1. Step by step: first the residues of region 145-161, then only those that are in a helix (DSSP H, G or I) and out of contact with any Gly (no Cβ under 7 Å at 6 or more places or on another chain), then the one that is surrounded by the fewest Cβ atoms within 10 Å (Cβ to Cβ). Which residue is that?
2. Identify all residues within region 162-216 that are under 23 Å from TRP288 (Cα atoms), among the charged types (D, E, K, R) and either in a loop (DSSP other than H, G, I, E, B) or outside the structural domain of ASN231 (by TED's automatic domain parsing) (or both); write none if there are none.
3. Only one of (1) in a loop (DSSP other than H, G, I, E, B); (2) crowded, with 21+ Cβ neighbours inside 10 Å fails for ALA246. Which number is that?
4. So, in region 174-194, of the ones that are surrounded by 19 or more Cβ atoms within 10 Å (Cβ to Cβ) and either more than 19 Å from the chain's Cα centre (by Cα) or at pLDDT below 95 (or both), which residue ends up farthest from CYS232 (Cα to Cα)?
5. Looking only at region 140-162, count how many residues are within 18 Å of LEU111 (Cβ to Cβ) and in contact with a Phe, Trp or Tyr (Cβ under 7 Å, 6 or more places away or on another chain).
6. Against the condition charged (D, E, K, R), at pLDDT 95 or above and either farther than 30 Å from LEU66 by Cα or not assigned by TED's automatic domain parsing to the domain that holds PRO21 (or both), how does GLU303 come out, does it pass?
Amino acid sequence: MTRIVFLDRSTIGPSVKLAKPSFPHEWIEHDRTRPDQVVERLKGAQIAVCNKVPIRRAAIEQLPDLKMIAIPATGYDAFDIDACKERGIVVSNVRGYAINTVPEHVFALILALRRGLIGFRQDVMDGRWQEAQQFCFFTHPINDLAGSTLGIFGEGAIGQSVARLGQAFGMRTLFAAHKNVTGLGPLYTPFDEVLATADVITLHCPLMPATRNMIAAAEFAKMKKRPLLINCARGGLVDEAALVDALDKGQIAGAGFDCLTTEPPAPDNALRKVLGRPNVIVTPHVAWASDEAMQTLWNQVVEHIENFNAGRPSNRVV
């Protein structure tokens, strides 16, 4: 009987109904798994379901029965793809499940920061409204989205969905050309031009060697309009120390981040020092995690396992 082991159930919200494959199988589920527990827990398993627990070459070499890794996510950097390819292990991810949830989270951050909601809420809690002794008071900047420019770095399905929402708010939308790349065609605006002209910059790129720290001190210096910077893509796209420096210098108006270089943030992460500021919002990598999106994601996971069992693997990374 096929043994299927889910290493990190807690990465899927408790509201999600975890349907199981229809073919005969043994299902083993762990809430969390440390890297040093991977080999022990996957011994005898043909299929591993794993979101973020690293499965590297050293572990793969000790798991002769492993035939498939089903990832309940799009990113697959936690897995040694070369080692899987050498062993003939199928690796399948999920795609297209986040085209509503991530863009909506992006605009939740944009609207909260653009309208000063975090600061105003704290002021009301602190009694500033009573101190003002009038029907309103003005302690934080408020700006409309209509008529402003939205710079989008990443032109995939999520970036396109973000653009549509921006246009619905009356924003001018620009897709940035890839850094240090020319000749991409009329869809794109030069990288540096987007940095200089956008009122809001939002990142929707994969994390690769070419995109790691693609926004750093030099890029912040080119942001002439003091934009908001939003990252609901991948930690590592932004140099976080440079981000804090840009906030301190007033080079940007604020930051809304759902992804950090290390998750959860390490004690020495520079962003920890500015979390209390009214123009900074950090959420715990949940932009993808609406109930609807997570259920769609899980349905895809089960479908890929069923397809693998039937001899027709789907959404193969390997």
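1. Filtering region 145-161 down to residues in a helix (DSSP H, G or I) leaves 157-161.
Adding the requirement that they be out of contact with any Gly (no Cβ under 7 Å at 6 or more places or on another chain) leaves 158-161.
Values: ILE158: 25, GLY159: 23, GLN160: 16, SER161: 19.
Restricting to residues being in a helix (DSSP H, G or I) and out of contact with any Gly (no Cβ under 7 Å at 6 or more places or on another chain), the top hit is GLN160.
2. ARG212
3. Of everything listed in (1) in a loop (DSSP other than H, G, I, E, B); (2) crowded, with 21+ Cβ neighbours inside 10 Å, ALA246 misses just condition (1).
4. Out of the qualifying residues, it is THR189.
5. Here the count works out to 4.
6. No.
Conditions (1) at pLDDT below 95; (2) farther than 26 Å from MET208 by Cβ; (3) of a type in the set (Ser, Thr, Tyr); (4) more than 28 Å from the chain's Cα centre (by Cα), marked per residue:
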| position | (1), (2), (3), (4) |
| --- | --- |
| SER10 | no, yes, yes, no |
| SER22 | no, yes, yes, yes |
| HIS25 | no, yes, no, yes |
| VAL53 | no, no, no, no |
| MET68 | no, no, no, no |
| TYR76 | yes, no, yes, no |
| ALA83 | no, no, no, no |
| ASN93 | no, no, no, no |
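Yes/no matrix, rows are residues, columns are (1) exposed (fewer than 14 other Cβ atoms within 10 Å of the Cβ); (2) part of a loop (DSSP other than H, G, I, E, B):
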position	(1), (2)
TYR97	no, yes
VAL102	no, no
LEU109	no, no
ARG121	yes, no
GLU131	yes, no
GLN134	yes, yes
PHE137	no, yes
HIS140	no, yes
ASN143	no, yes
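The values are calculated or read from the model by the stated rules, or taken from the named source; none is laboratory data. All values reported here derive from a predicted model rather than from experimental measurement. Note that we place each Cβ from the backbone using ideal geometry, even for glycine, and neighbour counts take in every protein chain shown.
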